[in-house]
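The values are calculated or read from the model by the stated rules, or taken from the named source; none is laboratory data. Given the structure is predicted, the values throughout are model-derived calculations rather than measurements. Here the Cβ positions follow ideal geometry from the backbone for every residue, glycine too, while neighbour counts run over all protein chains shown.
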Amino acid sequence: MPDNDLAKAEMKDIANLSKRRGFVFQSSEIYGGIGSVWDYGPLGVELKNNVKREWWKRMVYRRGDVEGLDSAILMNPEVWKASGHVSSFADMLVDCKDCKRRFRIDHLKEPKCPECGGALTDPRSFNLMFKTQVGTVEGQGIDVYLRPETAQGIFVNFANVVVSSRKKLPFGIAQIGKSFRNEITTGNFTFRSREFEQMELEFFVKPGEDEKWYEYWLAERMDWYLSLGIRKEKLRLREHASDELAHYAKSCHDVEYLFPMGWSELEGIANRADFDLNQHAKLAENGQVLKYFDDSIGESYFPYVIEPSGGVDRAVLAFLIDAYRKEVVRERERVYLALDPRLAPIKVAVLPLLKNRPEIVEMSGKILEGLKAKAMYRAVYDDTAAIGKLYRRQDEIGTPLCVTVDVESLTDGKVTVRDRDTMVQERVDASSLEAIVEAKIGY
Ligand code: ATP
C-alpha cells in the first residue's frame, strides 16, 4: 500500500485538476450534488470518447471475429431473474454501531470498524439494482431495472447476431454502454459510481477451447492498457480465489491498477462457461434459439463464453492518474499530463506569439482552420496570455503539440512546433502541420 497521506493528496490533485480544467464535475452540483454520480466536462468527454474509441478500434476494427452491438438499457425483467441478478446481485453490508459508517463485508480485513474500531452490526444483504416502472399510470406499470451490466443485452441477442452476420465460432460481440448500480460504499472520486459505462466483450467459443481463449484474452487485455501508456509496474493481473468467484464463473482474473488507494479492479476477465445462454434458454419462451448449430460436427450446443469486462470511468481515471506528472523546469514547477496522444482531449493548440499583430492572428486562424477541416480531432486556439502561460495550460491538460506563429512566420511560412513531453521546439513548414499532427496522434 502506498503512504496514505500521499495517496489522498494524489487523488485530490486529480479531482482538483478535473474540476478546474473541465474533465469531471459533480452531477447537479448547484443543488448540492448527488452521491457518486459524475458529469464529464468539455475535456472529460473528449478523453472518455478517445478511451472508448481506442477500445472499439482494438476489439472490433482490428479484428474480423467481433461484431458490435448497442442494446437498450431497459430490458424485460425476466432477463435479470435468469442472470441471477434478482436473487444474488447483492452486497453484504455491515454498519459500525459507533460511527455509523457502512462497509462492504468483503472489503474488511478484520471484524471491526476500520475507521474507529467500533463494533459492527450483523451483515445485511442489499440488492444493487435500481428499479423503476414501465407504464403510464403510476403504480400500475411493471417493475423493470436499469441494467447493472451491458453483458445480458449481448447474451439475449446472441442468435440475432449469429443469424444476421453469419458468424461462426469462435467470435465475439462487443458493446459499450451505461450501467447502473446502487452502490453503498462509494468514494475515491469516480472509481465507484452509481451510473457508469462499461466496455464489454462476450467471446463465444467451442466448449473445450475456452481455456486457450481465456489465456489469450488475459494477455490481450493487459496489452491494451500497456499499449496506451499505463506504466507496467502499476498494472497487474490477480486471479480470484475459489471462494471469491462469482456464481457464473469458471475462472476469473482482475486487471488491477495501483490507484492512490491501493491495487483496485480496472477490468474483470471471466470464463463464464455456458451459464448465461443456458439460463436464458431455460427461462425465455424462445430461448432454444440460443443454441448454436455447429455444422462442422452436425450438432447443436451452448458455446462457452470468455468475458473481458472493463469500466470506462475506471480506465479514464487510471489513465489520468498514470499520466499526472510534476517536475521542476528552470526552477519552476511544471505539471503535465503525459497522456498517450491518442487519448489526449486536445491534440494541438495554435498560439500566436503576439496577439496585437493582426497578420499573426490571421495566419494562426488559417492554420487552425486547416487543422479543423477534416473534423477528426480537437484543435484549439488560445491568445489570452503570454506564451509561457499558454504552454503551461496545454501541458496541464495533456495537449501533445503546440504550434506558435511569430513575426518570422509571416515571411518564411514556418511555425514552431513544441512537444509536450520533451519541450523540444522545432521549426517546420506550416503546410506540413496536418501531417505532423496526424503522425503524432496515429490517425
Ligand atoms: P467491484 O468489485 O469493484 O464492485 P465488480 O467486480 O462488481 O467491481 P464487475 O461486475 O466485474 O465489477 O464489472 C466489470 C467492470 O465494470 C469493473 O471491472 C469496473 O471497471 C466496472 N464497474 C463495476 N462497477 C462499477 C462502479 N460502481 N463504478 C464504476 N465502474 C464500475
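Odds and ends about this structure:
- Of the strands (runs of 3 or more DSSP E) lying entirely inside segment 67-171, the ones with 2 or more residues being in contact with a helix residue (DSSP H, G or I) (Cβ under 8 Å, 6 or more places away or on another chain) are found at 90-95.
- Those residues of segment 248-296 which are within 13 Å of the ligand (Cβ to nearest atom) and of a type in the set (Val, Ile, Thr), in sequence order: Val255, Ile269
- The set of residues from segment 356-369 being surrounded by 13 or more Cβ atoms within 10 Å (Cβ to Cβ) and farther than 19 Å from Thr411 by Cβ comprises just one member, Leu368.
- Residues of segment 215-254 that are under 16 Å from Met59 (Cβ atoms) and hydroxyl-bearing (Ser, Thr, Tyr): Tyr216, Tyr225, Ser227.
- Residues that are within 19 Å of Ile105 (Cβ to Cβ) and either part of a loop (DSSP other than H, G, I, E, B) or more than 11 Å from the ligand (Cβ to nearest atom) (or both), drawn from segment 234-247: His240, Ala241, Ser242, Asp243, Leu245, Ala246, His247
- Test: residue in segment 190-210 that is surrounded by fewer than 18 Cβ atoms within 10 Å (Cβ to Cβ) and among the polar types (S, T, N, Q): no
- Within segment 130-148, the residues that satisfy the criterion of being surrounded by fewer than 19 Cβ atoms within 10 Å (Cβ to Cβ) and within 28 Å of the chain's Cα centre (by Cα) are Phe130, Lys131, Thr132, Leu146.
- Within segment 248-287, the residues that satisfy the criterion of being assigned to a helix (DSSP H, G or I), in contact (Cβ under 8 Å) with a residue 60 or more places away in the chain and closer than 23 Å to Lys212 by Cα are Asp276, Leu277.
- Between Lys347, Lys374, the distinction of being among the basic types (Lys, Arg) and buried (at least 21 other Cβ atoms within 10 Å of the Cβ) belongs to Lys347 only.
- Residue within segment 299-319 that is hydroxyl-bearing (Ser, Thr, Tyr), modelled with pLDDT under 95 and on the phi < 0 side of the Ramachandran plot present: no
- Any hit, segment 202-215, residues being more than 17 Å from Val312 (Cα to Cα), β-branched (Val, Ile, Thr) and within 16 Å of the ligand (Cβ to nearest atom): no
- The set of residues in segment 385-405 that are assigned to a loop (DSSP other than H, G, I, E, B), touching a helix residue (DSSP H, G or I) at 6+ places or on another chain (Cβ under 8 Å) and either surrounded by fewer than 19 Cβ atoms within 10 Å (Cβ to Cβ) or at positive phi (or both) comprises Ala385, Gly398.
- Segment 330-344 - residue that is in a loop (DSSP other than H, G, I, E, B) and within 33 Å of the chain's Cα centre (by Cα) and, of those, surrounded by the fewest Cβ atoms within 10 Å (Cβ to Cβ): Ala338
- Sole residue being at pLDDT below 95, among the small types (Gly, Ala, Ser) and out of contact with any strand residue (DSSP E or B) (no Cβ under 6 Å at 6 or more places or on another chain), chosen from Gly153, Gly141, Gly117: Gly117
- Filter pass, Gly311 being in contact with a His (Cβ under 8 Å, 6 or more places away or on another chain) and among the small types (Gly, Ala, Ser): no
- Given (1) closer than 21 Å to Asn278 by Cα; (2) part of a loop (DSSP other than H, G, I, E, B), number of the condition Ser193 does not satisfy: (1)
- For beta carbons closer than 8 Å, sequence separation of 6+ or different chains, a first residue in segment 185-208 that is under 24 Å from Glu54 (Cβ atoms) and a second that is part of a loop (DSSP other than H, G, I, E, B) and basic (Lys, Arg), the qualifying pairs are Phe196/Arg181.
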